[in-house]
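Have a look at the structure below, then the notes.
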């Protein structure tokens, strides 16, 4: 047998890595916000398919919904588990809302810990911990509400928090900057810890946001699943009475950089920084 025809024998680590890539990557996210903040449309835009029903009426009571999606990034399958809490923040008395969210997160930690402590673990067990909480904030121009502050403080000690300003198409550029500044002010003043995208931003700065990375968080996003050909190129868009927003255009909103970090640059770090 010639040297060029030698058969490569896979090592145990190579076999493990191939099985891992075949199964795909996993990410568990919690999506929080009042009814009407664009959470369902955001998820459908992120996954590029209708995962969550949109334009639903506000529920009469708090619920926990689970959705799953398979997304392909660079040829790699990402298995996305999505937890939503319809009714969060929609009532006059929202005292129970945050406790339901925190109990759900802690239950997933307990389940993971129970599995880790077993002498013989199940091969089918999955990490069900929440790796990232995407918290949708209304652009009121007044910063965070009392409920936002209370919930974000409790969330930040249990998972990676990513603040998002919903429906950025309703704001002018100046209004968007004002909302970001006021929300960041409240986050700092109340000691709320949010996920640090710094390393990801450094890697992506030249490609997406030269010279203005400090202005990104909280992400101001526009979601939309319609498609349109513009200058011979197809874009995902949101159609408005006064024009069209290109969802994936970083000069229009922050959706692309958020998606790139969430499903690419930060995916593994979000999981590794979620502790039992």
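Tell me, yes or no, whether the range 184-196 has at least one residue that is out of contact with any strand residue (DSSP E or B) (no Cβ under 8 Å at 6 or more places or on another chain), closer than 25 Å to residue 45 by Cα, modelled with pLDDT under 95 and part of a loop (DSSP other than H, G, I, E, B). Break it down into steps so the answer makes sense when it comes.
So in the range 184-196, the residues out of contact with any strand residue (DSSP E or B) (no Cβ under 8 Å at 6 or more places or on another chain) come out as 184-186, 188-191, 196.
From what's left, closer than 25 Å to residue 45 by Cα: 196.
This time we only want the ones that are modelled with pLDDT under 95, so: 196.
Still in the list and also part of a loop (DSSP other than H, G, I, E, B): 196.
The answer is yes, given that some residue of the range 184-196 is out of contact with any strand residue (DSSP E or B) (no Cβ under 8 Å at 6 or more places or on another chain), closer than 25 Å to residue 45 by Cα, modelled with pLDDT under 95 and part of a loop (DSSP other than H, G, I, E, B).
Give the residues of the range 145-177 that are part of a loop (DSSP other than H, G, I, E, B) and in contact with a helix residue (DSSP H, G or I) (Cβ under 8 Å, 6 or more places away or on another chain), sorted by residue number. It would help to see each step written out before you state the result.
Initial filter on the range 145-177 (part of a loop (DSSP other than H, G, I, E, B)): 145, 157-159, 166-167, 171-172.
Across the range 145-177, the qualifying residues are 158, 159, 166, 171.
If residue 263 satisfies all but one of (1) touching a strand residue (DSSP E or B) at 6+ places or on another chain (Cβ under 6 Å); (2) under 18 Å from residue 27 (Cα atoms); (3) free of Cβ contacts under 8 Å to residues at least 24 places away in the same chain, what's the number of the condition it fails?
Among (1) touching a strand residue (DSSP E or B) at 6+ places or on another chain (Cβ under 6 Å); (2) under 18 Å from residue 27 (Cα atoms); (3) free of Cβ contacts under 8 Å to residues at least 24 places away in the same chain, residue 263 violates only (3).
Output the residues belonging to the range 216-256 that are in a loop (DSSP other than H, G, I, E, B) and without any contact (Cβ under 8 Å) to a residue 40 or more places away in the chain.
Step one: of the range 216-256, the residues in a loop (DSSP other than H, G, I, E, B) are 216-218, 221-225, 231-232, 241-242, 247-254.
Those that are in a loop (DSSP other than H, G, I, E, B) and without any contact (Cβ under 8 Å) to a residue 40 or more places away in the chain: 231, 232, 241, 242, 248, 249, 251, 252.
State all residues of the range 138-154 that are touching a residue at least 60 places away in the same chain (Cβ under 8 Å) and crowded, with 23+ Cβ neighbours inside 10 Å; if no residue qualifies, say none.
Residue satisfying the conditions is 151 alone.
The values are calculated or read from the model by the stated rules, or taken from the named source; none is laboratory data. Keep in mind that what you see is a predicted model, and the values were worked out from it rather than measured. Note that each Cβ is placed from the backbone with ideal geometry, even for glycine, and that neighbours are counted across all protein chains shown.
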